[in-house]
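Below is one structure, written out as structure tokens; comments come after it.
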Amino acid sequence: MSLVPAEVELNEDERTLIEAVRDFSRKELLARDGAWDRGESSVGDVLGQLAEMGLLGLLVPQKYGGLGCDYRTYAAILHEIATCSAAAAVTVSVHGLVCGIVDRFVAEPVRTELLSHWAQVDHFGAFALSEAGAGSDAASVKTTATPVDGGYHLNGEKMWVTNGLSAGWFFVLARVRGASEGREFCAFMVDGRSPGLSRTEIKGKMGIRGSETAVIDFADVFVPQTHLVGKPGEGMRVCLASLGYGRIGIAAQATGIGEACLTEMISYARQREQFGRPIGTFGAVAGMIADSVVDLEAAKALVWQAASGADGGGLDRSATSMAKLYASEAANRIAYRAVQVHGGSGYVNECRVERLYRDARITTIYEGTSEIQRMVIARELGEA
């Protein structure tokens, strides 16, 4: 089932693109996702195919050679990718998040230079915010930017950087040495080929093992003044303004995981027999399937609402947090039920729902934990 509501009429280009991505994901990503999980290998080996499909240029304006998708189409595409590979979906989502940052906040002529190549593999993007001591509390970042002639020297270490092994460009938040209070944070676009930048792969993840996750170390990495994102002192504002868009992507990833779990659950409930009949005919199993359908449809509606708001010209932080919160929690509930319906078969790694169960777990953590989303929602409503 699509993320697009039944009553919404897509134009021919949108419909064709979503269908093409669905077919590509089923043919090229589904089987590979299992191999990536087993070998903890990287989705990076299909970046060329993702680029050929236009999936690295989804949010790149058409005048720069991209597809120029609106956020509703973008979310629908991420949903389709995630039904076959949650790892590939977050890969595309984070790349898209950084694309949006470049488009909205980077000054000319660097903006045009980056966007003109953003759909290509060598401009693959990564978002470097978290550190060992700075997760939900982004203001605790310790990576420093020291002003020097023509730019800055970055020093520090970023953790949990998605796309970190293959990225050609990093969005980085740093604390500027000597800056006055309130102007201490700046954001930068950092060339991945810069001397002093090193990458270390993080292994042993619970799920989405095909997604690249890395530690990025900066040792006197020079960043030109022209690669500042936004104005000096606006780094935190840029981050907070951008994460709302990123949450639409992760929420769509979560609905895709939920969709895959539901499909597996229904298929198994129809074929598995106990006491002389399919287990789907028993009330307990039917109830789990029904609850999952409701969870999934509600999640998709919230994601569509958040994406529609982003397309309307003003991002609603409450709407994006509600979509991310509900979709991620729903994906985990649906994954739990999928394993339960499969019984012992669902507890071994030969069964796809075992992998989906592990993949779902991260959606309540990255791009802002569920607890952070609740804080944002309450604050936006004036209740906290």
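A short reminder: the numbers here are calculations on the coordinates, not readings from a lab. Bear in mind that the values here come from a model prediction, so they are computed numbers and not experimental data. Using ideal geometry, Cβ is built from the backbone for each residue, glycine included, and neighbour counts are taken over all protein chains shown.
Counting helices only, and only those DSSP H runs with n ≥ 4, report the 222 nm mean residue ellipticity of the chain as the sum of -39,500 (n - 2.57) divided by its residues, in deg cm²/dmol to the nearest 500. Please report the intermediate quantities before stating the final value.
Numbers: 11 runs with 182 residues, N = 384.
The helix-only estimate for the chain comes to -16000 deg cm²/dmol at 222 nm.
Taking other Cβ within 10 Å of each residue's Cβ, how do MET375, MET322, MET265, MET206 sort, fewest first?
Working: MET375 15, MET322 22, MET265 26, MET206 10.
So the ranking, lowest neighbour count to highest, is MET206, MET375, MET322, MET265.
Given Cβ point charges of +1 (Lys, Arg) and -1 (Asp, Glu) and nothing else, what value in debye, to the nearest 20, does the dipole of the chain about its Cα centre take?
On the way: 37 positive and 47 negative charges, 139 e Å.
Charge dipole of the chain: 660 debye, to the nearest 20.
Please sort 157-164, 312-319, 230-237, 9-16 by packing, taking for each peptide the average over its residues of neighbouring beta carbons within 10 angstrom, highest first. Provide the component values of the computation, followed by the final result.
Working: 157-164: 23.2, 312-319: 15.0, 230-237: 18.0, 9-16: 11.8.
Packing order, densest peptide first, comes out as 157-164, 230-237, 312-319, 9-16.
Between ILE365 and GLU201, 0.36 nm times their residue separation minus their Cα-Cα distance comes to what? Intermediate values should be presented prior to the final figure.
Numbers: separation 164, 0.36 × 164 = 59.04 nm, distance 1.94 nm.
Extra length from ILE365 to GLU201 when fully extended: 57.1 nm.
Go ahead and run the numbers for FRET between ARG193 and TYR347, Cβ-Cβ distance against an R0 of 51 Å, rounding to 0.05. Could you put the intermediate results ahead of the total?
Numbers: r = 45 Å, r/R0 = 0.88.
Once rounded, the FRET efficiency stands at 0.70.
List the GluC sites (Glu not before Pro) within the stretch 37-108 that DSSP assigns to loop and that have no more than 14 neighbouring Cβ atoms inside 10 Å.
Values: sites: GLU40, GLU52, GLU80; in loops: GLU40.
For GluC sites (Glu not before Pro) across the stretch 37-108 that sit outside H, G, I, E and B with at most 14 neighbouring Cβ atoms in 10 Å, the list reads GLU40.
Mind giving me the FRET efficiency for ARG177 and ASP70? R0 is 45 Å, r the Cβ-Cβ distance, nearest 0.05 is fine.
Details: r = 40 Å, r/R0 = 0.90.
Approximately 0.65, to the nearest 0.05.
Based on the Cβ-Cβ distance of THR281 and GLU380, what FRET efficiency does E = 1/(1 + (r/R0)^6) give at R0 = 56 Å, to the nearest 0.05? Before the final figure, lay out the partial values.
Details: r = 45 Å, r/R0 = 0.80.
That gives a FRET efficiency of 0.80.
Can you bin every Cα-Cα distance in the chain into 20 Å intervals starting at zero and give me the percent of pairs per bin, rounded to whole numbers?
Answer for the chain: a P(r) of 29, 57, 13, 1 percent.
For each of THR91, THR213, count neighbouring Cβ atoms within 10 Å of the residue's Cβ, then give the residues from fewest to most. Write down the numbers at each step before the final one.
Values: THR91 29, THR213 22.
Placing the least packed residue first, the sequence is THR213, THR91.
How high is the relative contact order of the chain? Use alpha-carbon pairs under 8 Å, at least six apart in sequence, and give a whole percent.
Result for the chain is 17 percent.
Scan around VAL229 for amide H atoms under 5 Å from its own, H built in the peptide plane at 1.01 Å from N, and keep only partners 5 or more places away or cross-chain.
Those lying under 5 Å, H to H, from VAL229 are ALA187, PHE188, MET189.
Can you tell me the 0 to 90 degree angle between the C-alpha axis of helix 12-24 and the longest principal axis of the chain, rounded to 10?
So the inclination is approximately 80 degrees.
Taking every Cα atom in the stretch 237-380, find the radius of gyration and the maximum pairwise distance Dmax, and write them in Å.
16.8, 61
Evaluate the distance, in nm, between pseudo-label points positioned 7 Å from the Cα of LYS231 and of ASP217 along their respective Cα→Cβ axes.
So the two model labels end up 3.7 nm from each other.
Hey, what do the phi angles of the stretch 203-218 turn into as Karplus ³J(HN,Hα) couplings, whole Hz, using 6.51/-1.76/1.60 and θ = phi - 60°, x for Gly and Pro?
Those phi angles translate into 9, x, 5, 5, x, 5, 5, x, 6, 6, 10, 9, 9, 10, 10, 10 Hz.
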